[in-house]
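Below is one structure; the comments refer to it alone.
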Amino acid sequence: MKLSNLLVSLSVIVGAFANSPNIYFKPDYSLDGKVVKVLQKWNVGGDKVEGYYYGTLFYFATQDAGYFGPQPRKEGTTNHLTYSVFGYGPYSDHPNCYKSADGGPGVSCAVEFPWEYGKNYTQVMERTAHNEDGSNRWTGTLIDDATGETVVTIGEYWTPKNYSLLSSGGLTFNELYWFTPKGNECIPISTYVGFWPEVTLEDGTVFTSTINTFTGLDQLIDPCGKAANKSNQLAYEIPGGFVFQNGWLNSEYEEKD
Ligand SMILES: *[C@@H]1O[C@H](CO)[C@@H](O)[C@H](O)[C@H]1NC(C)=O
Ligand SMILES: *[C@@H]1O[C@H](CO)[C@@H](O)[C@H](O)[C@H]1NC(C)=O
Ligand SMILES: *[C@@H]1O[C@H](CO)[C@@H](O)[C@H](O)[C@H]1NC(C)=O
């Protein structure tokens, strides 16, 4: 994800994600700077392919943003989880994390973890410590919904005072970050089911966002999409959330081949 533009405001973020399907969540502006926890529950379908990043973005009220989410991997390899933050000031000494984010300032964390296809997980980004100087520690973890247990820590970093707390809203992107087509190959088949994100305030109040809008659903990036003159990346709402469906035109195209 090219996020060099992400430093200024949400209106810039809209531009930065223009090439992927995105779902934007409705914020409640009265919660800006009061959020200490973000939950995103998801389920990645059974197709074992590489190249997608289903990232959910959160943003700090006075500063920058960060995002986290799963990246599926092929059969025989371990699935992946990421967790990052952008801008000057954040730091980490967690073993899963390193300095810099997408080539710019920030912190990136990642872990190979065998999350399973077709299962529900909840990823959590939460303030887990804070100091009198206004700095906050943020921990990214994954819960297995079947047991309710935290199964892995993706990473952990600190933000200085000028990052404040989080806002509500944000977005989830459906990014095909890696695709080298061979011949007439269409994009890999992969599905992400996302549930409406939940944010929690310092006083324990919970707010659940719903859809504001989908964007980027008009990309004709592969032969399947071009043949059908429709995007091969579908997005729609379901009760409680939404679906990103990649490669939904593949079988139709292959039949005609
Ligand atoms: C935020 O504060 C840190 C020091 O704590 C500083 O390095 C950084 O430049 C500040 N960020 C901005 C955008 O002012
Ligand atoms: C995942 O969660 C959804 C919504 O709560 C539920 O309808 C579905 O049955 C769950 N799927 C699995 C595999 O547990
Ligand atoms: C493709 O679809 C767009 C609208 O989605 C339409 O404007 C355009 O004419 C179509 N192109 C062809 C070749 O059918």
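Numbers at a glance
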read-out	value
Wholly enclosed strands (runs of 3 or more DSSP E) of segment 200-257 bearing at least 1 residues within 16 Å of ligand 1 (Cβ to nearest atom) and either surrounded by 15 or more Cβ atoms within 10 Å (Cβ to Cβ) or not hydrophobic (A, V, I, L, M, F, W, C) (or both)	none
Which numbered condition Asn131 fails, given (1) of a type in the set (S, T, N, Q); (2) under 19 Å from Val44 (Cβ atoms); (3) within 16 Å of ligand 1 (Cβ to nearest atom)	(2)
Considering residues of segment 185-199 that are aliphatic (A, V, I, L, M) and part of a strand (DSSP E or B) only, the residue nearest to ligand 1 (Cβ to nearest atom)	Val199
Condition met for Trp138 (out of contact with any Leu (no Cβ under 7 Å at 6 or more places or on another chain) and either under 25 Å from Leu217 (Cβ atoms) or of a type outside the set (Phe, Trp, Tyr) (or both))	no
Meets criteria (under 17 Å from the mean Cα position of the chain (by Cα) and farther than 20 Å from Val35 by Cβ) for Tyr98	no
Residue, farthest from ligand 1 (Cβ to nearest atom), within segment 55-80, restricted to residues that are buried (at least 23 other Cβ atoms within 10 Å of the Cβ) and more than 20 Å from Tyr29 (Cα to Cα)	Pro72
Boolean, Thr78 is over 18 Å from Glu112 (Cα atoms), more than 16 Å from ligand 2 (Cβ to nearest atom) and part of a loop (DSSP other than H, G, I, E, B)	no
Number of the exception - Ile23 against (1) part of a loop (DSSP other than H, G, I, E, B); (2) modelled with pLDDT of 50 or more	(1)
Some residue of segment 114-125 being in contact (Cβ under 8 Å) with a residue 12 or more places away in the chain, at negative phi and within 16 Å of ligand 1 (Cβ to nearest atom)	no
Segment 162-215, subset under 24 Å from Leu234 (Cβ atoms) and small (Gly, Ala, Ser), residue modelled with the lowest pLDDT	Gly183
Residues being within 17 Å of Tyr54 (Cβ to Cβ) and among the charged types (D, E, K, R) - total across segment 108-143	3
Test set (1) over 22 Å from Tyr24 (Cβ atoms); (2) more than 16 Å from ligand 2 (Cβ to nearest atom); (3) among the aromatic types (Phe, Trp, Tyr) - Phe86 fails condition number	(1)
Number of the condition not met by Ser92 [criteria: (1) in contact (Cβ under 8 Å) with a residue 60 or more places away in the chain; (2) of a type in the set (S, T, N, Q); (3) crowded, with 16+ Cβ neighbours inside 10 Å; (4) under 25 Å from Val193 (Cβ atoms)]	(4)
Per-region count, segment 26-48, residues in a loop (DSSP other than H, G, I, E, B) and either more than 16 Å from ligand 2 (Cβ to nearest atom) or at positive phi (or both)	7
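The values are calculated or read from the model by the stated rules, or taken from the named source; none is laboratory data. The shown structure was predicted, so the numbers you read here are calculated from the model rather than taken from an experiment. Glycine also receives a Cβ, built like all others from the backbone with ideal geometry; neighbour counts cover every protein chain displayed.
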